[in-house]
1. What number of residues within region 276-290 satisfy the criterion of being in contact (Cβ under 8 Å) with a residue 60 or more places away in the chain and within 17 Å of VAL171 (Cα to Cα)?
2. Of all residues in region 111-154, which are in contact (Cβ under 8 Å) with a residue 60 or more places away in the chain and open to solvent by 70 Å² or more (accessible area, probe 1.4 Å)?
3. Go through region 235-257 and give me each residue that's at pLDDT 95 or above and either at positive phi or charged (D, E, K, R) (or both).
4. Being assigned to a strand (DSSP E or B) and modelled with pLDDT of 95 or more is the filter; apply it to region 176-216 and report the residue that is surrounded by the fewest Cβ atoms within 10 Å (Cβ to Cβ).
5. What number of residues within region 279-296 satisfy the criterion of being assigned to a loop (DSSP other than H, G, I, E, B) and within 15 Å of VAL248 (Cβ to Cβ)?
6. What are the residues in region 39-60 that are within 25 Å of GLU301 (Cα to Cα), buried (at least 16 other Cβ atoms within 10 Å of the Cβ) and at pLDDT 80 or above, if any?
7. Among the residues of region 217-239, count how many are in a helix (DSSP H, G or I) and open to solvent by less than 40 Å² (accessible area, probe 1.4 Å).
8. Does SER268 count as in contact with a helix residue (DSSP H, G or I) (Cβ under 9 Å, 6 or more places away or on another chain), among the polar types (S, T, N, Q) and either part of a loop (DSSP other than H, G, I, E, B) or over 28 Å from SER134 (Cα atoms) (or both)?
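The values are calculated or read from the model by the stated rules, or taken from the named source; none is laboratory data. Given the structure is predicted, the values throughout are model-derived calculations rather than measurements. Note that each Cβ is placed from the backbone with ideal geometry, even for glycine, and that neighbours are counted across all protein chains shown. Areas reflect the complete protein model, heavy atoms only, side chains present, ligands, DNA and RNA absent. Shrake-Rupley method; radii C 1.70, N 1.55, O 1.52, S 1.80 Å.
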Amino acid sequence: MTTTHGSLKPATSSDVARLAGVSRSTVSNILNGNDARFPESTRERVFTAARELEYQPSLAGRSLVSGRSDTIVLLVPHTSFGGNLQDAVDQIMVGTRQIGGNVVVRFASENAETTRGAINSLRPLALVDFGVLSTEDREWLEARGTIIVPSRGAQRATVSDGGIGTLQADVLLESGPRELWFAALSDKRFDPYGPGRFAALESYCTERGLPSPRQVSVELTLDGGVAALREILDVGRPAGVACYNDDVALALLAAARELGVSVPKDISIVGVDYTPLGQLWAPTLTTIDTDLRGLVTSLAEDLRSRLSGADADAAAVPHLHFRVVRGQSA
């Protein structure tokens, strides 16, 4: 620990202010992210002084004043995630470092009442919702003082399909007409994303006068993939499958290899998430990169703004970026 004037006592905001040549309120504003009105030279002096003194905000003191803990909760659905979840946690930690606090992941419970009760008991500093909370649950927690991001104006954009279904369908139909399918995750746990993805594919077909897409559930085992693929091929070939995520897509690719089905001639497959494993498969997986890093960066900015006192309705709607990553499966 860096000492102040030879003492083992931790540095305080007064020490930082003295070293930087500014007031304590200036230190507080800058280190809490409310720094837009300060010149760059002032911000740099404060950050330099804080680093030199190894200053850490008093989270215990802040908790006593606010009645909240120092915990930032990432609330995620109780469903299957790839390695991107770890990326999201890391990005939130980096993006909120100046705020302080501990970032923890909380999976949703089986019912909404249990989830919101557990969150309320934590008295978190803030909550980052990855599509779990209903409008009623959100209002219930906010009425009890919980700051939630994405803010209300940005919530719908964050958990919506955002154009993924259109990108998948366009790629699947590039080589000519084929029966379109949505491959859902065969999981009894709550899934906030699958229904929206299937609905987007349905809208795509309706707008273009195409036959309605079919849906199949895929268990993430070889046997599960084989059963799903047989169900698809029993309807006819060629088929195009928009998958819930890369894990589902890989289960179908493994099944195609097991059954000797030609990819992408007889069945073309597009995943979602751009996970590393999909690019190590043969054939390599065509997938959608969801730019999780950009999304989480906007959520962290939203969170900093809310913790600095900004109104929930003033938050900018995050602009979601998706792109096709070309492989050999479609």
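1. Of the residues in region 276-290, 3 are in contact (Cβ under 8 Å) with a residue 60 or more places away in the chain and within 17 Å of VAL171 (Cα to Cα).
2. Across region 111-154, the qualifying residue is only ARG152.
3. The answer is ARG257, and nothing else.
4. So the first thing to find is which residues in region 176-216 are assigned to a strand (DSSP E or B), and the list is 179-185, 214-216.
Adding the requirement that they be modelled with pLDDT of 95 or more leaves 180-183, 214-216.
Working: LEU180: 24, TRP181: 25, PHE182: 25, ALA183: 29, ARG214: 17, GLN215: 15, VAL216: 20.
Selected residue: GLN215.
5. Residues that pass the stated criteria total 3.
6. Listed by number, the residues that qualify are THR42, ARG43, ARG45, VAL46, PHE47, ALA49, ALA50, TYR55.
7. Going through region 217-239, the residues in a helix (DSSP H, G or I) turn out to be 222-235.
This time we only want the ones that are open to solvent by less than 40 Å² (accessible area, probe 1.4 Å), so: 224-226, 228-229, 232-233.
Of the residues in that region, 7 qualify.
8. Working: in contact with a helix residue (DSSP H, G or I) (Cβ under 9 Å, 6 or more places away or on another chain): yes; among the polar types (S, T, N, Q): yes; either part of a loop (DSSP other than H, G, I, E, B) or over 28 Å from SER134 (Cα atoms) (or both): yes.
Taking the combined requirement at face value, the residue satisfies it.
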